[in-house]
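Where a number appears in this text, it was derived from the coordinates with a stated rule and is not lab data. If you're wondering where the values come from, they're calculated on a predicted model, not measured in any experiment. Here Cβ is always computed from backbone atoms with ideal geometry, including for glycine, and neighbour counts include all displayed protein chains.
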Amino acid sequence: MQSRNKGLNEIELTAPIRSVCFDWGGTLMVDDGPDGVPMKLWPEVAAVSGARECLSALQGRVQLCVATNAAQSSRQMIEAVLDRVDLLRFISEIYCFTEIGFKKDKPEFWCALQKRLGVPFEQIVMIGDSLEHDVLAPRRVGLQALWFNPDGHHGPSPAGSAPVVTDLREVSGIVLRALP
């Protein structure tokens, strides 16, 4: 796992980190099911490699949340899917488009999340596979962000300054270095 310009041990978050939000589909959950069908109805679901290890290492150290744009899944559906792969036990909060009414590219999503968490923006880190929704948008309102990019795709030039991680197992070390 490396940043475009930094190695794993050089990726730094600004301390203190109190809450870590993960994207759902493509970050915690493999998102390769049928289009237009809520994940809860898929016959098989799977966690992304390293998700369980990452969440386990962070559990009890920071508040762990899900922040998702899923438009076809309610909070209860998301909880059911996370439970099927034994990840729900790590997650304390779920922030979803179906409840907030805004997607992650809108400041209103992040303002609602921050208000409910009761944590300053700069003490929240977002981890996700969408450069725009999971990195650039939260950074515009003051969150810290890591781009989960397991395939090593190159993004547009604004991604150059975004820390890139390719394996969720490495996220815990980055976050743990930024704890109070």
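Taking amide H positions as placed in the peptide plane 1.01 Å from N, state which residues far from Ile94 in sequence (5 or more) or on other chains have amide H under 5 Å from it.
Val66
Report the relative contact order of the chain, percent, no decimals, based on alpha-carbon pairs under 8 angstrom and at least 6 residues apart.
Numbers: 334 pairs, mean separation 57.2, N = 180.
Computed over the chain, the figure is 32 percent.
What share of the DSSP beta bridges in segment 14-176 is antiparallel, in percent to the nearest 5?
Restricted to segment 14-176, the bridges split so that about 5 percent are antiparallel.
Which of the cysteines in the chain are isolated, no other cysteine C-beta under 4.7 Å?
Cys54, Cys96, Cys111
Compute from the Cα atoms of the chain the Rg and the Dmax, the latter being the longest Cα-Cα distance, and quote both in angstrom.
In order Rg, Dmax, the Cα atoms of the chain give 15.0, 42 Å.
Please turn the phi angles of segment 27-40 into ³J(HN,Hα) values with the Karplus equation 6.51 cos²θ - 1.76 cosθ + 1.60 (θ = phi - 60°), one per residue in order, whole Hz, x for glycine and proline.
10, 8, 10, 5, 10, 10, x, x, 5, x, 10, x, 4, 4
Skipping prolines and chain starts, which residues have an amide H placed within reach, meaning under 5 Å, of the one on Ile127, given they are 5 or more residues away or on another chain?
Cys21, Phe22, Asp23, Leu146
Name the longest site-free stretch of the chain, where the excluded sites are trypsin sites (Lys or Arg not before Pro) in a DSSP loop with no more than 13 other beta-carbon atoms within 10 Å. Each step should come with its number before you reach the end.
Details: sites that count: Lys6, Arg177.
The segment 7-176 is the longest one with no such site.
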